[in-house]
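Structure, as structure tokens:
The values are calculated or read from the model by the stated rules, or taken from the named source; none is laboratory data. Only a predicted model underlies this, so the values are computations on that prediction, with no experimental measurement involved. Neighbour counts are summed over all protein chains in view; Cβ atoms, including those assigned to glycine, are modelled from backbone coordinates with ideal geometry.
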Amino acid sequence: MTATAERDPVIRPFDDKKTAAIINAARMTFLARGFDAASMDQIALTAGVSKRTVYNRFRSKEELFGAAIEETCRNLLPVDASDIEASLPPREFIMALSRQVVAGVLTTEALSLRRIAAFEAERTPSIGKNYLAHGPQWLVDQCTPILKRIAAKGVLTIDDSEAAIWRLGSLITEPLHTRMLLGDHPDDLDAAIEAQVTSGVDAFFIIYGAR
């Protein structure tokens with residue numbers, strides 16, 4: 001079963017103020033205390049709602065963790081992505097989107113959530129799968145249709161768009177992402193991101209550029 005298939009269908013768009021407050025409180029609590037030490041009582045208190053209100057929206061701490069991860073990922077993508085896509089040549093658009101995503105995944109918050117998920121996955125694999133489904137796989141699901149549209153313009157030759165997005169993600173983040181996860185921070189992060197993204201997109205077009 002794929003990570004996409006495992007995604008919990010109960011998690012829904014964050015379309016009311018109380019839900020948004022709960023998710024924000026959960027993210028803050030997970031970051032401050034880790035997954036294990038975070039409690040639904042503390043999350044409710046931080047959100048300024050009752051514990052019952054939290055459980056009316058999220059059945060478990062794991063589900064709420066998934067929602068917090070997905071909300072973080074939503075902030076990595078521009079809300080006007082379609083407008084930007086229409087206004088830029090394909091390669092420039094991929095570069096612009098890649099810069100925004102990489103800058104987002106390298107924030108202190110995003111790196112900390114990744115570490116929490118990796119640590120907890122050893123003891124509770126479902127938490128790691130939850131992070132995968134609502135984090136990396138969610139981003140892949142959002143970006144795959146974009147890549148299909150770009151390929152349809154004749155600038156890329158791609159048989160499997162989802163696999164290509166996973167490869168692009170690796171190319172534009174590694175080794176910078178792993179280095180920062182392990183505490184090796186560059187002196188000039190903006191320059192490091194630009195170099196990583198440029199080399200990654202160059203390699204992507206070598207692999208998938210139209211022939």
Next item on the list: Residues being without any contact (Cβ under 8 Å) to a residue 24 or more places away in the chain, closer than 23 Å to residue 111 by Cα and among the aliphatic types (A, V, I, L, M): count how many of those fall in the range 30-52.
Entry: 4
Checklist line | The listed residue being crowded, with 18+ Cβ neighbours inside 10 Å and closer than 18 Å to residue 27 by Cβ, out of 110, 118 | finding: 110
Notebook entry, point to check: When you look at residue 151, is it in a helix (DSSP H, G or I), surrounded by 15 or more Cβ atoms within 10 Å (Cβ to Cβ) and in the same structural domain as residue 109 (by TED's automatic domain parsing), yes or no?
Noted result: yes
Notebook entry, point to check: In the range 54-100, how many are acidic (Asp, Glu) and loosely packed, with under 13 Cβ neighbours inside 10 Å?
Noted result: 3
Notebook entry, point to check: Residues 102, 54: which one is of a type in the set (Val, Ile, Thr) and in contact with a Ser or Thr (Cβ under 9 Å, 6 or more places away or on another chain)?
Noted result: 102
Check: Which pairs have Cβ atoms under 9 Å, sit 6 or more apart or on different chains, and link a residue in the range 138-159 that is hydroxyl-bearing (Ser, Thr, Tyr) to one that is part of a helix (DSSP H, G or I)?
Finding: 144/161; 144/162; 144/164; 144/165; 157/151; 157/208
